[in-house]
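The values are calculated or read from the model by the stated rules, or taken from the named source; none is laboratory data. What you are looking at is a predicted structure, and each value in this text was computed from that prediction instead of being measured. Here the Cβ is made from the backbone with ideal geometry for all residues, glycine too, and neighbour counts use every protein chain on show.
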Amino acid sequence: MRVAADPGLYDPENPLPTLHGSRCDACGTTFFPPLGIGCEICGAGAEGLRAVPLAAAGTLHSLATVYVHAGEDIEAPFTVAEVQLDDGPLIRGLMSEPATIDAIGSRVAAQWAELRTDADGNDVVEPRFRIEDRGDAGGGAA
Amino acid sequence: MSRTLREMRPVSVVGVGLHPYQRPGDTPYTALGVHAVRAALADAGLDWQAVETAYTGTATTAMGLSRLMYRHLGASGIPMTQVENASASGSTAFRQACIDVASGLVEVAIAVGVDKPAAFRRPTTAAGVRDLAAGRIVPFTHFALLANRYMFDHGATPEQFAMVAVKNARNGAGNPNAQRQKERTLEEVLAPPQISGPLTRLQCCPIGEGAAAAIVASEDAIARLGLDPARAVRVLSSAARSETVYQAENFDAALTRETTEIALADAGIAADALDVIELHDAFTVEELLYIEAMGLAPAGGAASQLAEGQFDIGGRVAVSPSGGLLAMGHPIGPTGVGQICEIAAQLRGEAGLRQHPGARLGLAHMVGVGAVCLVHVLAAAA
Ligand SMILES: [Zn+2]
């Protein structure tokens, strides 16, 4: 079975990644990563913040391929993405494969990436974004 | 009712000093800091005993480090306070020193930035905040994301980003306190290693060690202590803001725009009146973003104006005449105070090889991760 590399952030049971977001009852803003202590827009307390599932799909806002990283367990190169989720927040994550800036504006959705197998034989997974179709975003660059 | 700095009593920079920014070595922070303080005292023509309070901008070295450093200047029992505000630690220490003098609490205050790079813990780690990138987005990648979006929005090229580093390396080559003192061609700046997105190594600032000191004083103190009023650089405004929620808008630029607007309004000047600017150019893309956010160029227009030489020493407005973070370096605590040292030198006409002709008004800008922005506007003596 699948287990989440970071169980606080997504639900590995779903065939497609679903993110653990939160929504403020008072002002209606949706957050990811989830906020649990208070709302950063209106200051409503924890009791006003509700857990909501967010589809890991949206529009590619930016991306960057990283060639150098000092982290011991992090192997470069890899490509990171900023994604404007359909469900609200602008979030950051990983792309499943490298892409160039002309992909900005494209539809993206996350799929499970298998990172390793744990001691119990489970697949440890995290969501990574893949370009679904090229948007006609009209940006200037090549 | 709240008041601006300019509505309080006048406060001026009367002495500045630096320990050169350099690769991390064996020099203790105490020696770095005392070197800068002695240089600032000599520049002002003051004894340490005249200083009534000390703010130390520091972020990476050690807890409670002030007295072990200042004790080498002689016992005085003055208040000593560490100021930690990430990259803006030195700028915030300077703001506190200015506020103490402007409010009338003291006549003479010193802001010192000192740091040696060390392992430090990110606030997101301490707060238990995680995201899908799982630690893979460090500052250079944060700015690589902004650089790629900027290229997409404006059709900018990697060469245009690299031109920022070419200009700032040229400025740094004339600065004996800079960590990088070598002129660089466009080809050298674009050469590998590639770090993240379009950013190459020479488009990322070096994190080293060093120290910077700035002494501020009231008009009464300048007269009583016999300081040269013609070399006193007036602090016209001090603005500080923290990040709010900007949705998809680039928050570094939005925060810079807000804070600069306040600083210019409080100083009573327009952006196009500025002669020299020191800004947080830790990565090349930032200089273009902040020039635009400050209102000195239209969105997407800074790169072409930079290529025309408008931001060179001797151009329309000299940007990063010290070499900026890219060439002078970014030892963290000292950086914001070092900007004040450069602006003071420029406004006094004492910047030597780096002198921007006729400099009368200067602006210093820092952002700090977490996220804060500090902007000071300074003016040459009337
Ligand atoms: Zn709310």
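Every residue, every condition in (1) out of contact with any Asp or Glu (no Cβ under 6 Å at 6 or more places or on another chain); (2) of a type in the set (Asp, Glu), yes or no:
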| position | (1), (2) |
| --- | --- |
| B:Pro10 | no, no |
| B:His19 | yes, no |
| B:Asp26 | yes, yes |
| B:Thr30 | yes, no |
Kindly indicate which of B:Leu289, B:Leu199, B:Leu306, B:Leu225 is surrounded by fewer than 20 Cβ atoms within 10 Å (Cβ to Cβ) and either of a type in the set (A, V, I, L, M) or touching a His at 6+ places or on another chain (Cβ under 9 Å) (or both). B:Leu225
Every residue in the range A:8-38 that is near the ligand (Cβ under 8 Å from one of its atoms) and either of a type in the set (S, T, N, Q) or within 12 Å of chain B (Cβ to nearest Cβ) (or both), please. A:Cys24, A:Cys27, A:Thr29
Tell me which residues, restricted to the range B:127-159, are farther than 23 Å from A:Phe32 by Cα and not in a helix (DSSP H, G or I). B:Gly155, B:Ala156, B:Thr157
Answer yes or no as to whether B:Ala345 is touching an Asp or Glu at 6+ places or on another chain (Cβ under 7 Å) and either touching a residue at least 24 places away in the same chain (Cβ under 8 Å) or farther than 21 Å from B:Gly174 by Cα (or both). no
Have a look at A:Ile74, A:Ile41 and point out the one that is within 16 Å of the ligand (Cβ to nearest atom), at negative phi, part of a loop (DSSP other than H, G, I, E, B) and within 8 Å of another protein chain (Cβ to nearest Cβ). A:Ile41
Pairs, please: C-beta under 9 Å, at least 6 apart or cross-chain, first residue touching a residue at least 12 places away in the same chain (Cβ under 8 Å) and in the range B:6-19, second assigned to a loop (DSSP other than H, G, I, E, B) and of a type in the set (D, E, K, R)? B:Val14/B:Asp228
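Which residue out of A:Ala51, A:Ala119, A:Ala56 is away from chain B (no Cβ under 13 Å), under 19 Å from the mean Cα position of the chain (by Cα) and over 30 Å from B:Gly155 (Cβ atoms)? Please lay out each step first, then the result.
Numbers: A:Ala119 fails: under 19 Å from the mean Cα position of the chain (by Cα); A:Ala56 fails: away from chain B (no Cβ under 13 Å).
That would be A:Ala51, the only listed residue that is away from chain B (no Cβ under 13 Å), under 19 Å from the mean Cα position of the chain (by Cα) and over 30 Å from B:Gly155 (Cβ atoms).
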In this structure, is B:Thr124 at pLDDT 95 or above and within 12 Å of chain A (Cβ to nearest Cβ)? no
Pick out the one residue from B:Glu183, B:Glu187 that is touching a helix residue (DSSP H, G or I) at 6+ places or on another chain (Cβ under 6 Å), more than 14 Å from chain A (Cβ to nearest Cβ), more than 24 Å from B:Cys373 (Cβ to Cβ) and without any contact (Cβ under 8 Å) to a residue 24 or more places away in the chain. B:Glu183
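Here are some residues: B:Gly333, B:Gly314, B:Gly309. Which one is without any contact (Cβ under 8 Å) to a residue 60 or more places away in the chain, part of a loop (DSSP other than H, G, I, E, B) and either touching a helix residue (DSSP H, G or I) at 6+ places or on another chain (Cβ under 9 Å) or within 30 Å of B:Ala119 (Cβ to Cβ) (or both)?
Values: B:Gly333 fails: without any contact (Cβ under 8 Å) to a residue 60 or more places away in the chain; B:Gly314 fails: either touching a helix residue (DSSP H, G or I) at 6+ places or on another chain (Cβ under 9 Å) or within 30 Å of B:Ala119 (Cβ to Cβ) (or both).
After ruling out the rest, the residue left standing is B:Gly309.
Taking the condition buried (at least 18 other Cβ atoms within 10 Å of the Cβ) and assigned to a loop (DSSP other than H, G, I, E, B), does B:Asp281 pass? Spell out the reasoning first.
On the way: buried (at least 18 other Cβ atoms within 10 Å of the Cβ): yes; assigned to a loop (DSSP other than H, G, I, E, B): yes.
Yes, satisfied.
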Taking the range B:247-278 as the region of interest, how many residues are within 14 Å of chain A (Cβ to nearest Cβ), surrounded by 21 or more Cβ atoms within 10 Å (Cβ to Cβ) and touching a strand residue (DSSP E or B) at 6+ places or on another chain (Cβ under 8 Å)? 1
Report, by residue number, each residue of the range A:44-71 that is within 15 Å of the ligand (Cβ to nearest atom), free of Cβ contacts under 8 Å to residues at least 24 places away in the same chain and not in a strand (DSSP E or B). A:Ala44, A:Ala46, A:Glu47
If I go through the range B:147-164 residue by residue, how many of them are more than 7 Å from chain A (Cβ to nearest Cβ) and of a type outside the set (A, V, I, L, M, F, W, C)? 5
Can B:Ala144 be described as within 30 Å of B:Gln181 (Cβ to Cβ), facing chain A (nearest Cβ under 7 Å) and surrounded by 24 or more Cβ atoms within 10 Å (Cβ to Cβ)? yes
Out of B:Ala213, B:Ala240, B:Ala230, B:Ala221, sole residue that is closer than 29 Å to B:Tyr29 by Cβ and part of a helix (DSSP H, G or I): B:Ala221
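With the structure loaded, tell me whether A:Gly93 is at the interface with another protein chain (Cβ under 10 Å from one of its Cβ atoms), part of a strand (DSSP E or B) and not hydrophobic (A, V, I, L, M, F, W, C) or whether it fails that test.
Working: at the interface with another protein chain (Cβ under 10 Å from one of its Cβ atoms): yes; part of a strand (DSSP E or B): yes; not hydrophobic (A, V, I, L, M, F, W, C): yes.
Against the criterion (at the interface with another protein chain (Cβ under 10 Å from one of its Cβ atoms), part of a strand (DSSP E or B) and not hydrophobic (A, V, I, L, M, F, W, C)), A:Gly93 qualifies.
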